[in-house]
Amino acid sequence: MLSATVARRNLVARRRIQGEITFSAIRTTVLSSSFSSFLEIVDNNNNVESSSSGSRRSKKSSWRSTFGNNESSTSSSSSSSSGVGRPGAGGRYDHHQYHRHHRSHFFSTTSTTAKEDLEEKKAAFDGLKAQIESQIPSEIARLKALKTKYGQEKVGEVTVNMLMGGMRGIVGMLYETSLLDANDGIRFRGLTIPELQEKLPGKRDREPIPEALLFLLLTNKVPTEKEVEALRADLMERAEKFAKECAMNDAGNKSKKNVFDALRALPEETHPMTQLSAACLAMQNDSKFLKMYASGTMKKTEYWKYIYEDALDLIAKLPVVAAYIYKRSCVKEAARKSSEVPTVDASLDLAANFSQMMGFSSNECKELMRLYLTIHADHEGGNVSAHATHLVGSALSDPYLSFSAGLNGLAGPLHGLANQEVLKWLKEAQVALKGDYSAETVKTFVENTLKSGRVVPGYGHAVLRRTDPRYECQREFALKHMPDDEMFQLVSRLYEIVPDVLKATGKVQNPWPNVDAHSGVLLQHFGIKEENFYTVMFGVSRSIGCLSQLILSRAHGYAIERPKSVTSKWLEEKFQ
Ligand code: NMX
Ligand code: MLT
């Protein structure tokens, strides 16, 4: 069976398939024909006509003038020097009922009463959704112009090798939030990780906070301090409301079941990733998009608004659910409080609160969590978790369904679960090597891993052809905070040995370490020792990237994904 496959592969390898991918094919996935009516409105009016009940738009909204001043005085230098784009002119903002509610809460918790300060904060609070909205017409017009001008251009060609090799190298989707270069590594809206560390505002210490990254991914703009603070407060309010409602419901007569009831119904030994994915599905009932779609009153141009609300809700809820799973299924019996919904401290940032809810309140651990949640958030669109979320979302499945699909992909050992595999392997190495980390013994250990038929976890990548910059920044963190950690010494030694062992196989395309080779050693140092939880943390972070793109995909009218597949017989007949 295997040799037949190999023979078939050899027979057709390197021969080009007739089908070529044109820009038009990719673009077709962006703009479905039924979306063109929306484009006409944009073209004719250069404006999006409001059709949403309960929403009002004004070209000269008060936030724009206030916000514009605020922006230029506080952040324009950092943004322009970074080369990150600014939002399109002509900002409008919605006075959604929802926003009014949140804004009043936001102000009621704000100590200052100075009118100007309030105006500024109001502008910052409304800023994110309004900025996304203000960019939509120009983004759609830009995409339409791209299609008109280059629709028939080719962006690549597909060989049989590519088709049979996991679609490696096929350019087949649009994904705006980040771009991976084989030699330079990841750029989030054009910014490298060191640039994120330098430029993103809202820092508590050295590391950026993921809220700032979320703003950047959604708007292609480095936010101001105030914008980050407003988004932080919004997310934490969503998290607190969710946790409080579930806790009250737990304490009540239990007539209404919540997500924690769903988790309690699962065996404690259920893998934490399975629990996280199941929790997403169990929360689907909260989906605003689902309800609006079912009502039959939502226009296509409004989809993104409800996807946005669901996405932000989900990003806020996931750390609470994850911390619960950690306490329930990972920590030792003595420390376990399996039935309690974690308490959210809404004064903290998302990462610090996550760390605290898990039981780790040191500043160093909070800093690690900020770094961790930032660097795992996005890795362009083709990786399994992002692509799965994107694919399922393209069927207009809501964010709960879509991201659950992404998590199921992340739970695979060749993808996100590799971080768990790495720590298991490091522990195995510690036992086998008994403290002897000499080059020879470590090399033999790695070779034995390969001989046993396993991959070396944490090494290799489908796109990267260098050490993952996410590995490098974690190494820097370790050198700063825990240079003498014994397991870190082992990780450093492996970095010297593994690439040559993998190169010697003659088949590994990228012998360098990826993000997962380093994350576990940091977590275990700060007390998060249960490696079966590591991929859950990856998932909490990945929601930021996947769900940002999901909002943009609906805002820009991407079509349902449906590539063509062929049978191997079809290929044979084509080339024989
Ligand atoms: N150890 C042993 N063999 C490897 C490794 C490795 N780390 N990486 C690649 N190979 C093998 C691979 O299995 C394949 O063998 P075969 O032809 O017998 O099937 C051959 O080398 C060619 O594979 P590549 O083209 O180099 O890699 P590919 O793009 O197919 O896969 C990974 C990429 C990441 C799946 C692969 O490098 C791997 O399995 N790495 C270990 C698991 C891991 O760290 N995954 C995490 C990736 C990052 N993330 O978080 O998702
Ligand atoms: C990721 O972060 O998604 C991984 O590095 C895998 C990938 O990019 O394919």
Inset, instruction - Look at Gly381 and say whether it is within 16 Å of ligand 2 (Cβ to nearest atom), at pLDDT 95 or above, assigned by the TED database to the domain that holds Gln275 and surrounded by fewer than 24 Cβ atoms within 10 Å (Cβ to Cβ). - result: yes
Legend entry - Test result for Val501, without any contact (Cβ under 8 Å) to a residue 60 or more places away in the chain, within 14 Å of ligand 1 (Cβ to nearest atom) and buried (at least 20 other Cβ atoms within 10 Å of the Cβ): yes
Inset, instruction - Quick one: which residue in Lys299, Lys226, Lys221 is more than 24 Å from Gly409 (Cα to Cα), open to solvent by 70 Å² or more (accessible area, probe 1.4 Å) and not acidic (Asp, Glu)? - result: Lys299
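Rundown of residues vs (1) among the β-branched types (Val, Ile, Thr); (2) closer than 24 Å to Leu433 by Cβ, yes/no style:
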| site | (1), (2) |
| --- | --- |
| Glu472 | no, no |
| Val491 | yes, yes |
| Tyr495 | no, yes |
| Ser519 | no, yes |
| Leu522 | no, yes |
| Tyr534 | no, yes |
| Gln549 | no, no |
| His556 | no, no |
Legend entry - Residue among Arg238, Arg206 that is charged (D, E, K, R), in contact with a Lys or Arg (Cβ under 8 Å, 6 or more places away or on another chain) and open to solvent by 10 Å² or more (accessible area, probe 1.4 Å): Arg238
Inset, instruction - Go through (1) touching a residue at least 60 places away in the same chain (Cβ under 8 Å); (2) small (Gly, Ala, Ser); (3) away from ligand 1 (no atom under 12 Å from the Cβ) one by one and return the number of the condition Ala411 breaks. - result: (3)
Inset, instruction - Looking for whichever is away from ligand 2 (no atom under 16 Å from the Cβ), among the aliphatic types (A, V, I, L, M) and open to solvent by 10 Å² or more (accessible area, probe 1.4 Å) here; the options are Ala388, Ala346, Ala351. Which one fits? - result: Ala346
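Quick one: is Met487 modelled with pLDDT of 95 or more, away from ligand 2 (no atom under 16 Å from the Cβ), of a type outside the set (Lys, Arg) and in contact with a Lys or Arg (Cβ under 9 Å, 6 or more places away or on another chain)?
Spelling it out, Met487 is indeed modelled with pLDDT of 95 or more, away from ligand 2 (no atom under 16 Å from the Cβ), of a type outside the set (Lys, Arg) and in contact with a Lys or Arg (Cβ under 9 Å, 6 or more places away or on another chain).
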Legend entry - Test set (1) out of contact with any helix residue (DSSP H, G or I) (no Cβ under 9 Å at 6 or more places or on another chain); (2) closer than 22 Å to Arg187 by Cα; (3) polar (S, T, N, Q) - Asn510 fails condition number: (1)
Legend entry - Residue satisfying all of: in region 512-531; assigned to a loop (DSSP other than H, G, I, E, B) and open to solvent by 10 Å² or more (accessible area, probe 1.4 Å); farthest from ligand 1 (Cβ to nearest atom) among these: Gly527
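Can you tell me which residue among Glu333, Glu367 is at pLDDT below 95 and of a type in the set (Asp, Glu)?
Of Glu333, Glu367, the one residue that is at pLDDT below 95 and of a type in the set (Asp, Glu) is Glu333.
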Inset, instruction - Report whether or not Val446 is within 15 Å of Leu426 (Cβ to Cβ) and within 13 Å of ligand 1 (Cβ to nearest atom). - result: yes
Legend entry - Qualifying residue in region 550-573 (condition: touching a His at 6+ places or on another chain (Cβ under 6 Å) and modelled with pLDDT of 95 or more): no
Legend entry - Number of positions in region 354-378 that are within 16 Å of ligand 1 (Cβ to nearest atom) and open to solvent by 10 Å² or more (accessible area, probe 1.4 Å): 0
Legend entry - Index of the failed condition, Asn408 passing every other in (1) away from ligand 2 (no atom under 11 Å from the Cβ); (2) more than 25 Å from Arg562 (Cβ to Cβ): (2)
Legend entry - Unique match (being within 16 Å of ligand 1 (Cβ to nearest atom), of a type in the set (Gly, Ala, Ser) and either open to solvent by 20 Å² or more (accessible area, probe 1.4 Å) or in the same structural domain as Tyr495 (by the TED database) (or both)) among Gly435, Gly460: Gly460
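The values are calculated or read from the model by the stated rules, or taken from the named source; none is laboratory data. This is a predicted model, so every value here is computed, not measured. Positions of Cβ are generated from backbone atoms using ideal geometry, with glycine treated the same way; all protein chains shown enter the neighbour counts. These area figures cover heavy atoms from the full protein model, side chains too; ligands, DNA and RNA do not enter into them. Shrake-Rupley method; radii C 1.70, N 1.55, O 1.52, S 1.80 Å.
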